[in-house]
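Novice: Please see the structure below; I have some questions.
The values are calculated or read from the model by the stated rules, or taken from the named source; none is laboratory data. Computed from a prediction, not measured in an experiment: that's the story for all the values here. Glycine also receives a Cβ, built like all others from the backbone with ideal geometry; neighbour counts cover every protein chain displayed.
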Amino acid sequence: MEFWLFLQLLINGIIAGSLYALLGISFTAIFAPTRIFHFMHASVYVFAGYFLYQFAMGWGWPVPVSILVAVLLAGFMGVLAERVIYAPLRRMGAGSMEMLLSSFGGYVILQNLILLIWKSDPRTVKIPEVLKNGIPVGLLTFTPLDILTVITAGAALWAVTLFMRHTKVGKAMRAVENDPLGATITGIPTEWVRLVSFFLGSVLVAVAVTFHVVDKGLEPTIGVNAVLVATVAMIVGGVGSYSGAALAGLMIGIAENLGIWQIPSEWKNTITFCVLVLFILFRPRGFFGHRMTRYEG
Amino acid sequence: MIYLSYVISLIAVYGVLTISLNLSVGYTGILSLAQAAFMGIGAYSAAILLTQWGFNFFTTLLVGMAVAGLVSWGLAWATLRLKGDYYVIASFGFQVILYNIFLNWIGLTRGPFGIRQIPPPEIFGFSFLGPQRYALFTLGILALCLWVARRVGESPYGKVLRAIREDEAAAASIGKNVNRYKMSIFTVTAMLASVGGALYASLITYIDPFTFTIHESIFILALVIIGGSGNVYGSVIGAAVLISLPEMLRFFDVPTAVASPIREILYGALMIIFLRLRPKGLLPERITSGVVR
């Protein structure tokens, strides 16, 4: 019995962890090439959820179409954040602290726009019941939606890795990550590369929120937690490593869910934070990072 | 008059919180997102000890400062070895955890119900009851904080802090123990923040966890930036402007459900505008003498 419980919690951890992995990858896609601590990611995450809600429930569009449009709109929100908030600051020669502080400003504005437009009541998006019906395997249960979550996260990681390795844009992103000045000198359009990385990161985070919304519903406050998990996954994985961020996200999900065995679920965040502190103390480079020192300079 | 005294008290309380954060952010360049957490420690220490244990307000101040100091020292020890953005993430995580503790440790904090009827401070049988007396009291504490912060800022110690902000490697290379300086100023910041929290609890007379969220931390950060980072008088001006401006909304016919988001959008926008157009804030930092001994 104990064994089955353990197995079920492990599976729940993998399911939750897949979404965390997606969050970690999405934050890395933005942070690694641009080195901007994009706190507004939290608002993009929530906004994408409300777009989906508005299209599917408010205007009655078919759910797949709503998802597609919401994800694309979220991508453009990321691009907009770069154009409106960060690019002018960069031209002024502002440092990362000013970028981060402006990001907070943008976060506060967007967050309150959500309150003005959609109020703070919890919202849900209905999907076909089939996706949410549990499949029993022995004493375990999981739903088709869970399987879809894990597959999507895996596919996203695979696609991002291929993109970074084999496409021209992906290579340019890595070049900008390594040495922004050198990349500019060799003729890489860095401004444009940054836009791509914001688009990519925001699209990925919108995919993550889609699963969150159809599974657990929507509230204006869910963004902060998402960014906390995303950043912790990025650090623990080793900044700049997409597979590292994914592995770390998976690990956080498993740690949180196994923790529920002994600890009430309100303390989930505390477990995440403990993982972070342990890594800072004992392996500040993260899983696959030798890169942290480079950013420290 | 009563309303005016209330607003003045509120400005003074946020002045204390902003000055304390300015020591970290403005002087030393450590961006912390945990200010509301330390404010919460002070507020809950005061609220619990005053309502349940019948402590004197000033004793609760000391207890709050001790707790905040110890906790912040531990946090600083564990995470200040990270630089810049990474430290921000650690303080962000810490802020979220403390909010969770305020919300979920119901035995201690009464969780979402909050703590009511927090009495005013009292010294030698004299009670600072009523808005006017309380305004005087908070202004007194604010003046004390200003004095401490200025002394810290202009001392050789404060100059080392600025040196660390400008160039950490250079400060270390002339033999300054950078980590020790950072840890000590961060602890002072947390202790002063807990004083601000205790004043807040006593002013509002009711606290619940929803005050001490990441949004409060960002708000105090905005006050530092708009007032002028590195200038403690700027912090007071920033608090005065950003607290009194939205209060004006009260005189127009705006429903609260709309007024409070508008208030926040206002300060979010001001934050972005200031960073773009006047990054040094309303009162820019003044460097008295350039020599670091």
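Novice: Taking the condition of being closer than 14 Å to residue B:13 by Cα and surrounded by fewer than 19 Cβ atoms within 10 Å (Cβ to Cβ), how many residues in region B:134-183 meet it?
Specialist: So the count comes out to 6.
Novice: Still on this structure, please answer the following. If we keep just the residues of region B:9-23 that are farther than 12 Å from residue B:185 by Cα and not β-branched (Val, Ile, Thr), which is surrounded by the most Cβ atoms within 10 Å (Cβ to Cβ)?
Specialist: B:17
Novice: If residue A:76 satisfies all but one of (1) surrounded by 18 or more Cβ atoms within 10 Å (Cβ to Cβ); (2) closer than 21 Å to residue A:222 by Cα; (3) under 19 Å from the mean Cα position of the chain (by Cα), what's the number of the condition it fails?
Specialist: In the conditions (1) surrounded by 18 or more Cβ atoms within 10 Å (Cβ to Cβ); (2) closer than 21 Å to residue A:222 by Cα; (3) under 19 Å from the mean Cα position of the chain (by Cα), residue A:76 misses (1) alone.
Novice: Give region B:224-276 a look and list any residue that's among the polar types (S, T, N, Q) and within 14 Å of another protein chain (Cβ to nearest Cβ), or say none.
Specialist: B:229, B:256, B:260
Novice: Quick one: is residue B:230 modelled with pLDDT under 85, in contact with a helix residue (DSSP H, G or I) (Cβ under 8 Å, 6 or more places away or on another chain), part of a loop (DSSP other than H, G, I, E, B) and at positive phi?
Specialist: Against the criterion (modelled with pLDDT under 85, in contact with a helix residue (DSSP H, G or I) (Cβ under 8 Å, 6 or more places away or on another chain), part of a loop (DSSP other than H, G, I, E, B) and at positive phi), residue B:230 does not qualify.
Novice: A further question on this structure: Quick check: anything in region A:85-102 touching a Lys or Arg at 6+ places or on another chain (Cβ under 8 Å) and buried (at least 24 other Cβ atoms within 10 Å of the Cβ)?
Specialist: yes
Novice: Looking at B:34, B:90, B:68, which one is within 14 Å of chain A (Cβ to nearest Cβ), modelled with pLDDT of 90 or more and crowded, with 24+ Cβ neighbours inside 10 Å?
Specialist: On inspection, the qualifying residue turns out to be B:34.
Novice: Sticking with this structure for a sec: Quick check on residue A:147: is it assigned to a helix (DSSP H, G or I), over 27 Å from residue A:30 (Cβ atoms) and free of Cβ contacts under 8 Å to residues at least 12 places away in the same chain?
Specialist: yes
Novice: If you scan region A:160-193, which residues turn out to be within 17 Å of the chain's Cα centre (by Cα) and within 18 Å of residue A:72 (Cα to Cα)?
Specialist: A:160
Novice: Going by the conditions given, is residue A:230 at pLDDT 90 or above, in contact with a His (Cβ under 8 Å, 6 or more places away or on another chain) and surrounded by 23 or more Cβ atoms within 10 Å (Cβ to Cβ)?
Specialist: Judged against the criteria, residue A:230 is a match.
Novice: Further question on the same structure: Return the pairs, sorted by first residue and then second, in which the second residue is assigned to a loop (DSSP other than H, G, I, E, B) and aliphatic (A, V, I, L, M), the first residue lies in region B:209-231 and is within 16 Å of residue B:245 (Cα to Cα), the beta carbons are less than 8 Å apart, and the residues are 6+ apart or on different chains.
Specialist: That search, which allows pairs on different chains as well, returns B:226/B:282; B:227/B:282; B:227/B:283.
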